[in-house]
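What follows is one structure encoded as structure tokens, with my remarks underneath.
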Amino acid sequence: MTKNGKEEDPLWDRRLDKIIDDFLHLGKCDLLLDVGCGSGFWMRTLMRQLTGTSNTIGIDYDKSRILSARKGFKRRTEFVIADAQALPFKDGTFDIVTCRRLLMNVKHKDEVLGEMIRVSRFRGICSCVEPDFKNISEFSSVQKESDIYKKIESDSEADLEFGPKAASLFLKNGLQEVDVWSYCMTNKTLPPYGNVEMNRLHGSRSLEDATKKLLTNISRKEKKALMMSASKIDEERKKQIKQNKYSKIEIIPFVVTKGTKSKTTTSTYSKL
């Protein structure tokens, strides 16, 4: 999605900017770290609310994403290739340490959050934005499309419903003043299709490919049958798109969690 020549975040609504500003106290932040920054979507969102003197750093393990992020930012921003479990910064460096859709995908959540806490200053804020994909509400004009997607997601190694669990992880690791804020993001693909909808349609992979790559915990016979169903759904989807009849609506819940580092904060991560 693009706006004024810049790529926009498909999982964020700009009308939420002021709320996240108030929730994270971005106006008081001098130095912010985005852990698992990817191509910089979340950092760009937060930078709209930061003061002109604030500095930001993004880290990601994926070199290609870091190179992509560096092309989209100019001032007071640095991007570093690094492991979230071994952040290359001194203790107590940042005012805010944040991540989005990271903790749901990592196996060692305590280690990652422990590192986020370590590099936060006293009274600094740690925060995460995580979805609750298990409770997505979906409608598709293609019968059973949503059912196939849910079957594929159930095979994922990620914790798809981590959003509501994040507060417990924060408390477990000694963060204080833990608070949460929830919002829902609605993605609509409805005819007639504009540029945003066409980009979404062309950018999404086929159900058959997704089924082939992800499903590992089912029998060969069941997988074959599922792939045949996915192939039929793909064909019906293409047909409806060509006829300008395809419709899909997704309502995705997200949970923003924050906690404050105090003098008594002791993470369960042994490195602290």
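The values are calculated or read from the model by the stated rules, or taken from the named source; none is laboratory data. Note that the structure is a prediction, hence the values are computed from the model and not measured. Quick reminder, even Gly has a Cβ in these numbers, built from the backbone with ideal geometry, and neighbours come from all protein chains shown.
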If you go through the range 161-198 one residue at a time, how many are among the basic types (Lys, Arg) and over 18 Å from TRP12 (Cβ atoms)? 2
Any chance the range 118-138 includes a residue that's assigned to a strand (DSSP E or B), in contact with a Ser or Thr (Cβ under 6 Å, 6 or more places away or on another chain) and among the acidic types (Asp, Glu)? yes
Within the range 14-66, take every residue that is outside any helix (DSSP H, G or I), surrounded by fewer than 15 Cβ atoms within 10 Å (Cβ to Cβ) and under 19 Å from the mean Cα position of the chain (by Cα) and give me the one that is modelled with the lowest pLDDT. ARG48
Name the pairs whose Cβ atoms lie under 8 Å apart, with the first residue in the range 155-183 and within 30 Å of LYS223 (Cα to Cα), the second surrounded by 15 or more Cβ atoms within 10 Å (Cβ to Cβ) and among the aromatic types (Phe, Trp, Tyr), and 6 or more positions between them or separate chains? LEU160/PHE133; GLU161/PHE133; GLY163/PHE254
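Right, PHE133: at pLDDT 90 or above and among the aromatic types (Phe, Trp, Tyr) or not? Break it down stepwise before answering.
Working: at pLDDT 90 or above: no; among the aromatic types (Phe, Trp, Tyr): yes.
No.
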Check off (1) surrounded by 18 or more Cβ atoms within 10 Å (Cβ to Cβ); (2) modelled with pLDDT under 75; (3) in a helix (DSSP H, G or I) for ILE233 and give me the number that stays unchecked. (2)
Is it the case that ASP110 is at pLDDT 95 or above and part of a loop (DSSP other than H, G, I, E, B)? no
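Within the range 67-104, take every residue that is in a helix (DSSP H, G or I) and modelled with pLDDT of 95 or more and give me the one that is surrounded by the most Cβ atoms within 10 Å (Cβ to Cβ). Talk me through it step by step, then tell me what you get.
So in the range 67-104, the residues in a helix (DSSP H, G or I) come out as 67-71, 103-104.
Subset that is modelled with pLDDT of 95 or more: 103-104.
Numbers: LEU103: 25, MET104: 23.
If we take residues in the range 67-104 being in a helix (DSSP H, G or I) and modelled with pLDDT of 95 or more, then LEU103 is surrounded by the most Cβ atoms within 10 Å (Cβ to Cβ).
Being among the basic types (Lys, Arg) and closer than 19 Å to ILE233 by Cα is the filter here; which residues of the range 143-187 pass it?
So the first thing to find is which residues in the range 143-187 are among the basic types (Lys, Arg), and the list is 144, 150-151, 165, 172.
Across the range 143-187, the qualifying residues are LYS144, LYS150, LYS151.
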Sort out which residues of the range 134-168 are within 20 Å of THR189 (Cβ to Cβ), among the aromatic types (Phe, Trp, Tyr) and crowded, with 17+ Cβ neighbours inside 10 Å, and write them in order of number. TYR149
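Do we find a residue being in a strand (DSSP E or B), surrounded by fewer than 15 Cβ atoms within 10 Å (Cβ to Cβ) and either touching a Ser or Thr at 6+ places or on another chain (Cβ under 8 Å) or aromatic (Phe, Trp, Tyr) (or both) anywhere in the range 251-263? Quick ask: steps written out before the conclusion?
Within the range 251-263, the first condition is being in a strand (DSSP E or B), and the residues that meet it are 251-260.
If we keep only those that are surrounded by fewer than 15 Cβ atoms within 10 Å (Cβ to Cβ) as well, we get 251.
Filter again for either touching a Ser or Thr at 6+ places or on another chain (Cβ under 8 Å) or aromatic (Phe, Trp, Tyr) (or both), leaving 251.
For the range 251-263, residues in a strand (DSSP E or B), surrounded by fewer than 15 Cβ atoms within 10 Å (Cβ to Cβ) and either touching a Ser or Thr at 6+ places or on another chain (Cβ under 8 Å) or aromatic (Phe, Trp, Tyr) (or both): present.
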